[in-house]
Amino acid sequence: MKSSSLKKLFRFIKSIKKKKFSALLLIISILTSYIFGVLSFFILEKTIIQEDVAYEQGVNLSKIQAKVLPQKGYKVKIKWSDLGKKMIEDGVIDEQKLAKAVFGKDEIPQAFKKYLDGSKQKEIIVDETTAQFWVDLFWGLGLANKNPILESGPMAEGGNTANYASTGGWTLGKQDAMNYYSKFSYIQLSAEQQKIVQEIADKVYRPCCGNPTSFPDCNHGMAALAIIELLVSQGKSKKDIYKDLLAFNSYWFPQTYLDIAYHFEKAGRDYAKTPAEQILSKTFSSAMGYSAIKREIGEIAWPALKGAGSCGA
């Protein structure tokens with residue numbers, strides 16, 4: 001009798017354990033399904049957001065960005081030579097001020113010193129990490145290099161030369177900017193080469209204003225003038241000079257040229273195959289031209305866009 005009762009008790013306990021185990025499995029299954037569902041939701045949400053950012057009205061923004069701002073930057077075949085060293089020696093550039101303005105440090109990082117120590121550099125790379133450094137170096141060069149565009153062009157008219165952003169805003173020298181204005185013959189040009197400089201400078205615009213490079217009243221204009229002078233002096237073709245200028249402008253004004261590229265792509269034109277001279281023209285690259293494009297396309301959410309240029313040191 002006792003043995004029979006014990007057997008029943010054991011069976012009862014086992015049945016309870018089985019029920020508890022089944023209940024535990026059920027709870028684990030429910031929790032697993034819940035967690036999987038939550039994770040799936042967040043993954044799906046992230047994918048949707050990414051797709052919304054990467055595409056705008058059927059246009060692949062990431063592909064456009066790769067055309068305008070390649071990740072590896074843009075390599076410019078240009079003999080920089082000892083220009084940086086000369087500008088420092090002449091006081092046009094104060095090395096410590098340059099380091100503070102561009103890098104927020106007391107010294108120029110080692111990777112950039114080669115452009116200031118007189119070593120013979122035959123190419124430079126412009127990208128999002130070097131764009132500010134180069135706009136400041138070329139700004140100083142354009143300001144100080146002796147050229148008729150500065151002495152008899154729009155900059156010299158009206159007696160207000162010292163009051164423009166490209167002159168009054170130059171704070172990276174040892175002295176006041178006008179002490180260096182069109183003073184040093186850093187870049188030697190023949191009469192024919194000067195005509196080419198004038199021709200290109202008259203055609204190239206920047207989106208911060210409505211003036212061509214032949215009226216370099218801001219830092220980007222003065223920097224572009226220096227680039228034109230240097231490339232013409234080294235015998236580069238007009239086509240290549242426009243292409244190089246577009247690369248600099250693109251990294252100085254990324255929002256602008258991404259939007260312009262979007263405008264072309266929406267119109268069925270390949271931005272990469274559009275002549276740089278046309279893109280840099282008043283129609284597209286001036287403040288007025290770009291404003292018209294902006295009104296047409298509206299706001300575009302570009303991937304990884306960090307900012308745009310400003311007219312100051």
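All of the numbers you see were taken from the coordinates with simple rules; none came from a lab. Predicted model only: the values in this text are computed from it and were never measured. Neighbour counts run over all protein chains shown; Cβ positions are idealised from the backbone, glycine included.
Summing +1 for each Lys or Arg and -1 for each Asp or Glu, what net charge is found among the other residues whose Cβ lies under 14 Å from the Cβ of Leu150?
Charge balance in the 14 Å sphere: -2.
Between Lys174 and Gln110, 0.36 nm times their residue separation minus their Cα-Cα distance comes to what?
20.8 nm
So, in nm, how far is label Gln194 from label Lys239 when the simple model puts each one 7 Å beyond its Cα toward the Cβ?
Label-label distance for Gln194 and Lys239, simple model: 2.9 nm.
Which order do the peptides 98-108, 207-217 come out in when sorted by mean C-beta neighbours inside 10 angstrom, highest first?
The packing order, highest mean first, is 207-217, 98-108.
Where Lys and Arg each count +1 and Asp and Glu each count -1, what net charge lies around Ala272 among other residues with Cβ under 12 Å from its Cβ?
Combined, the nearby Lys, Arg, Asp and Glu give +3.
Rg and Dmax of segment 194-308, Cα atoms, in Å?
Spelled out, the Cα radius of gyration and Dmax of segment 194-308 are 13.8, 42 Å.
What is the local net charge at Ser250, summed over the other residues whose Cβ is closer than 12 Å to its Cβ (Lys, Arg +1; Asp, Glu -1)?
Summing Lys/Arg as +1 and Asp/Glu as -1 gives -1.
Mind jotting down the three principal axis lengths of segment 143-186 based on Cα atoms? Whole angstrom, largest first.
Extents along the principal axes, in whole Å: 26, 23, 12.
Which entries in the list Lys114/Lys243; Lys75/Lys113; Lys114/Lys146; Lys75/Lys100 go over 27 Å, if you measure between the two C-alpha atoms of each?
Flagged as over cut-off: nothing, all pairs pass.
What percent do you get for the relative contact order of segment 64-297 when only Cα pairs under 8 Å and 6+ apart count?
Computed value for segment 64-297: 23 percent relative contact order.
How about Lys72: which aspartates and glutamates have a C-alpha closer than 12 Å to its C-alpha, ignoring those fewer than 8 places off in the same chain?
Result set, ordered by chain and number: Asp127, Glu128.
Want the number for Asp90 to Glu157: 0.36 nm per residue separation, take away the alpha-carbon distance, what's left?
21.5 nm
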